[in-house]
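Encoded as structure tokens, the structure appears first; notes follow it.
The numbers here are math on the coordinates, done by the rules we state, and not lab data. Predicted model only: the values in this text are computed from it and were never measured. So basically every Cβ, Gly included, is an ideal-geometry build from the backbone, and we count neighbours across all protein chains shown.
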Ligand SMILES: Nc1ncnc2c1ncn2[C@@H]1O[C@H](COP(=O)(O)OP(=O)(O)OP(=O)(O)O)[C@@H](O)[C@H]1O
Ligand SMILES: [Mg+2]
């Protein structure tokens with residue numbers, strides 16, 4: 001029999017895993033929704049963000065906050081290099097070609113990081129303000145850092161919706177995503193817009209990496225695990241749907257955490273089962289077909 | 001000097017060669033009808049101008065400038081705007097958002113106010129918040145034309161604007177376009193509805209199997225039932 005307290009604890013853990021997963025899944029979804037490219041290198045961008053976070057915390061006072069910004073900008077710029085250098089050339093090719101190109105960057109980025117930082121694990125601590133925990137009820141606490149990650153993920157979702165729904169650039173991104181040839185005929189510089197979107201998607205992955213850094217042990221292969229989960233989330237939520245990425249991320253986070261209580265050791269498996277179920281029953285994903 | 005000039009243009013889709021040494025010249029403020037049977041190459045000719053054809057060779061100048069190496073958006077930003085055969089309204093955006101995108105992307109000239117379009121197309125006014133994909137064919141055509149007009153084009157390319165429209169809608173569209181052509185705009189229009197095009201146009205080009213077949217004034221063409229028979233397989237124009 002599992003105690004109630006333990007279940008609630010695991011729910012909170014699940015929510016914080018979900019918050020972290022959302023940041024990577026949402027960038028993947030954004031890039032897929034607009035550019036129609038599945039970016040396999042997204043996990044590697046997350047990993048780069050985590051390393052930038054580590055370096056910032058270890059070398060600067062107040063490094064955590066600088067690290068968040070630097071991770072987002074750094075991963076974003078690496079994303080821009082990937083987009084301009086390679087992905088831009090395969091937009092009109094088959095999906096397999098695109099996937100292989102982005103996969104090549106997984107290998108390249110992983111090796112570069114291994115070369116620079118070695119194979120050892122890195123860990124950092126959250127800044128002092130986040131070390132405590134918040135008392136939710138008399139018997140229930142949540143670590144302050146986890147609460148912070150959840151808040152950041154909710155704010156990110158809100159920000160993306162606001163930008164897409166209410167700004168000129170957001171409208172332009174939605175138009176281009178629904179018909180890029182017509183957008184070009186109306187004067188939109190589509191490659192430049194794509195680069196911008198790729199920057200934002202990659203920056204979100206980098207931000208996710210730096211945010212996750214205090215809760216993970218970091219190695220150059222960190223991205224591999226993360227990208228698989230992000231794909232699972234994207235499939236469950238519906239590729240290209242941000243609401244779907246959000247719900248999918250929290251569902252996956254919760255099933256991993258709570259599932260490990262029900263079937264000890266198999267929590268990680270449950271999201272894959274869920275993904276297969278979604279693919280069989282509703283292949284477009286829970287929120288597929290509903291755009292941002 | 002013509003505003004738009006195509007000289008010896010050849011156009012290709014992959015290995016298939018569909019335009020052959022085509023010549024076309026449009027003077028400023030002229031309205032030109034581009035006529036021909038299904039598959040004659042009318043749409044492809046417009047694609048040659050907009051830069052959306054996969055491969056073309058030959059001379060292409062706009063306002064005296066060689067635009068044959070420009071990208072699609074660069075050509076658009078020179079003031080050449082297309083209302084495509086398939087309308088291509090943004091399906092997930094509302095009517096109003098479709099117009100706003102057109103307004104925001106206008107460059108090098110002042111866009112016309114979105115509200116002005118609602119006066120020209122009252123039917124769109126009632127549909128402001130409807131998504132593009134939920135519009136009827138006629139409504140999409142109105143929106144597609146409105147979107148192009150917002151961008152105050154110097155050269156407006158209309159690809160079969162009446163295709164698939166009910167006769168009353170065709171009449172509405174005619175009223176709008178006949179006012180448009182009064183203004184400071186040059187128009188190149190393709191049509192199967194020959195009467196519609198000839199009522200608007202001053203000169204016409206007929207193309208057949210991707211080559212020039214005839215060109216001249218509309219007045220001349222109206223005396224040439226033989227041409228219409230041979231190249232357009234429709235009855236004489238009254
Ligand atoms: N995307 C394409 N790929 C290959 N061939 C094409 C393509 N589009 C058109 N064609 C071919 O090019 C030729 C000219 O077609 P085009 O669409 O320009 O004709 P059109 O005069 O506009 O005809 P319609 O009146 O039916 O619109 C045709 O033989 C057509 O089959
Ligand atoms: Mg055509």
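Put in line by how crowded their Cβ is, counting other Cβ atoms within 10 Å and starting with the fewest, A:114, B:56 read A:114, B:56. Remark: the residue A:262-residue A:4 segment gains 91.6 nm on full extension, using 0.36 nm per residue and subtracting the alpha carbon distance. A Förster distance of 41 Å, applied to the separation of the beta-carbon atoms of residue A:96 and residue B:107, puts the FRET efficiency at 0.65. When you restrict to C-alpha pairs under 8 Å that are six or more residues apart and normalise by the size of chain B, the relative contact order lands at 26 percent. The value of relative contact order for region A:4-281, using C-alpha pairs under 8 Å at least six residues apart, is 40 percent. Projecting label points 7 angstrom from Cα along Cα→Cβ for residue A:65 and residue B:199 puts them 6.9 nm apart. Here each label is just a point 7 Å from Cα along the line to Cβ, and for residue A:137 and residue B:27 those points are 8.5 nm apart. Here the calculated FRET efficiency for residue A:129 and residue B:38, from their Cβ-Cβ distance with R0 = 51 Å, stands at 0.10, rounded to the nearest 0.05.
Shown for region A:4-281 is the translational diffusion coefficient from the Stokes-Einstein equation, using the Kirkwood radius over Cα pairs, a temperature of 25 °C and a viscosity of 0.890 mPa s: 128 µm²/s. Cβ crowding within 10 Å ranks A:12, A:48 as A:12, A:48, fewest other Cβ atoms first.
Using a Gaussian network model on chain B with a 10 Å cutoff between Cα atoms, which of B:22, B:143, B:35 fluctuates the most? Highest fluctuation of the listed residues: B:22. Computed over chain A with a Gaussian network model linking Cα atoms closer than 10 Å, the most mobile of A:74, A:63, A:85 is A:85. Sort B:87, B:55 so that the residue with the fewest other Cβ atoms within 10 Å of its own Cβ comes first and the one with the most comes last. With the sparsest Cβ surroundings first, the list reads B:55, B:87.
Highest mobility in the GNM of chain A, judged by mean-square fluctuation with C-alpha springs under 10 Å and restricted to A:178, A:59, A:241, is found for A:59. Placing a label point 7 Å from the Cα of residue A:168 along the Cα-to-Cβ direction, the residues of region B:83-120 whose backbone N falls under 15 Å of that point are B:97-114.
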